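Just below is one structure, and these are the notes that go with it.
The values are calculated or read from the model by the stated rules, or taken from the named source; none is laboratory data. Because the structure is a prediction, the values reported are computed rather than measured. Heads up, the Cβs are rebuilt from the backbone with ideal geometry, glycines too, and the neighbour counts pull from every protein chain shown.
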Amino acid sequence: MKCSILAITMGDPGGIGPEIVVKALQKEKPSKHLAYLLIGSRQVFKKLCQRTGLWLPFKTVQSVSRGSLCAGNIYFLDITRDSPVDGKIQIGKLCRENGRLALAVIEKAASLAKQGIVDAIVTAPVNKAAIRLVDGKFIGHTEFLAQRSKARRFAMMFVSPRLNVTLATIHVPLKKVSGLLKKKSILEKILLTDEILRRGLAIKKPRIAVCALNPHGREFGDEEVKVIEPAVRAACHKGINASGPFSADLLFHAAYHGKYDAVIAMYHDQALAPFKLVAFHDGVNVTLGLPYIRTSPDHGTAFDIAYHGKADPSSMTAALRFAQKAVLAKCSRR
């Protein structure tokens, strides 16, 4: 098996991203078939070391190509080697320079993935508002990476030991959700979820349940009958074990207790409120539909504790583990 490369982005340099990356890499070493490539600014990690004592001996590289890295090692690609940033970034604050660096790191990782040099990207948290000071059209990692890879269908999924949830719509106002729900798009989310459950989580016969949009389902609206139910039927016709739509207030309890392997939720907070209640520290954000694996911790930049040495790396560690497992599983099928 050839050496696969898993890229890791540092996130917002003013948040907890650099800290949880170092802590996670101290715990989660690359396998004998995999190399880690951390992309960021060395000055940021030096500042982290000065404030917290956290450090990891990286092997610095000037460039990366397929076959240039050796499995079992952690490498560092410094995108600011020729442009000093010390003093420009602001710890624990939203600022343009933080956003510029965070975006530059994501762009580099996306470019390496598009070239087929890296097999997966694990992204540390960014502050969207900071990046929008540089790129006003930036919505989030998911949309950015999908656009750069020209993915026609993609989805945001949240994975944990006891609850897995995929979003039918992502970052949109609630008043627009109903109009965005289409049979085709919901069917795509069911298909993508079934695929990752089989290939990424090794579940041979996934059981997928679909949420209703309205309280008590069809009692208070017609989206269930006109849109959601037809999507579920279409999935079943393709051989997928899908069911619903079910009222969300009962469905998440059933899924948490093992009746289903994944839930398709209609909007962001319908999924994330119950998910973060039960998996705040070990939840993983997975982007479905990309030509490579992408995972992320399920939390934000936590400016209030940045560079204090207090950040919990559990979600970042889980994101690394999931990405590594998925990459190795994908390689074994080649």
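If I ask for residues that are modelled with pLDDT under 90 and over 18 Å from LEU48 (Cα atoms), which ones from the range 72-86 would you list?
Within the range 72-86, ASP82, SER83 meet the criteria.
Determine, yes or no, whether LEU187 is closer than 21 Å to GLU224 by Cβ and modelled with pLDDT under 95. The answer is no for LEU187.
Table: residues versus (1) touching a helix residue (DSSP H, G or I) at 6+ places or on another chain (Cβ under 9 Å); (2) among the β-branched types (Val, Ile, Thr); (3) closer than 30 Å to ALA35 by Cα.
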residue	(1), (2), (3)
VAL227	yes, yes, no
ALA242	yes, no, no
PHE246	yes, no, no
TYR260	yes, no, no
VAL278	yes, yes, no
HIS281	yes, no, yes
PRO291	yes, no, yes
ASP312	yes, no, yes
THR317	yes, yes, yes
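Taking first residues from the range 126-142 that are more than 22 Å from MET316 (Cβ to Cβ) and partners that are buried (at least 18 other Cβ atoms within 10 Å of the Cβ) and of a type in the set (A, V, I, L, M), the Cβ contacts under 7 Å between residues at least 6 apart in sequence or on separate chains come to VAL134/LEU103; ASP135/LEU103. Given the structure, is LEU167 of a type in the set (A, V, I, L, M) and touching a His at 6+ places or on another chain (Cβ under 7 Å)? Here the answer is yes, as LEU167 does meet what is asked.
Residue-level analysis places ILE89 outside the set of residues that are within 27 Å of ASN127 (Cβ to Cβ), modelled with pLDDT of 90 or more and of a type in the set (A, V, I, L, M, F, W, C). Entry remark, the range 168-183: residues being out of contact with any Ser or Thr (no Cβ under 9 Å at 6 or more places or on another chain) and closer than 26 Å to ALA254 by Cα number 4 in total. A Cβ distance below 6 Å, combined with a sequence gap of six or more or placement on separate chains, defines the contacts here; from the range 52-79, residues that are under 22 Å from GLY11 (Cβ atoms) and in contact (Cβ under 8 Å) with a residue 40 or more places away in the chain reach residues that are of a type outside the set (Phe, Trp, Tyr) and assigned to a loop (DSSP other than H, G, I, E, B) in the pairs THR52/GLY309; VAL64/ILE117; TYR75/LEU69.
Quick one: is PHE280 aromatic (Phe, Trp, Tyr) and under 18 Å from the mean Cα position of the chain (by Cα)? Don't jump to the end; show me each part of the working.
On the way: aromatic (Phe, Trp, Tyr): yes; under 18 Å from the mean Cα position of the chain (by Cα): yes.
So PHE280 fits the description; yes.
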